[in-house]
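Every read-out reported here was derived from the displayed coordinates using simple, explicitly stated rules and does not represent laboratory data. Because the structure is a prediction, the values reported are computed rather than measured. Cβ placement follows ideal geometry from the backbone for every residue including glycine, while neighbour counts extend to all protein chains displayed.
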Amino acid sequence: ERRTENQLRAIKFALDRLTTETKSDFIIPESDLAFHHSIASATGNIFFIDTMRILHDQTARLLHVSLGLATTSTPPRVKQVDDEHTEIYEAIADGDPIHASATMRLHLVRSKRRLTDCTQDHIDRGL
């Protein structure tokens, strides 16, 4: 709802980059961060933007671990993440802040679950 057309293009560019990397099985944490940062910027919420900036390094480390675990995951699991990102973008593009917020929250909950599930899988397998 708050986003400009330029901001929407930036989100789409970041999504396209991330989708390309997902399909090539070489996901760079910075690409995932760029997608989330472009969304944060589009909110216009200075507090949210500053929080994302402050947490950048910690988030990058977490994404590095998470994406490393994801590359050993099944293709359907990786596709699920890509689908979640696409759904978030589509809600933003449609100008539906309630759906955009809900899909982002669900993505974050699922990401946390995927990280803990993958970590447990690796522990169980002795990796």
For labels at Asp16 and Asp82 in the simple 7 Å Cα→Cβ model, what's the distance in nm? 1.6
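What chymotrypsin sites (Phe, Trp or Tyr not before Pro) in the range 1-50 are in a loop by DSSP, with at most 12 other Cβ atoms within 10 Å of the Cβ?
The qualifying sites are Phe26.
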Can you list the residues of the range 90-116 with backbone N under 13 Å from a point 7 Å past the Cα of Leu8, pointing along Cα to Cβ? 90-97
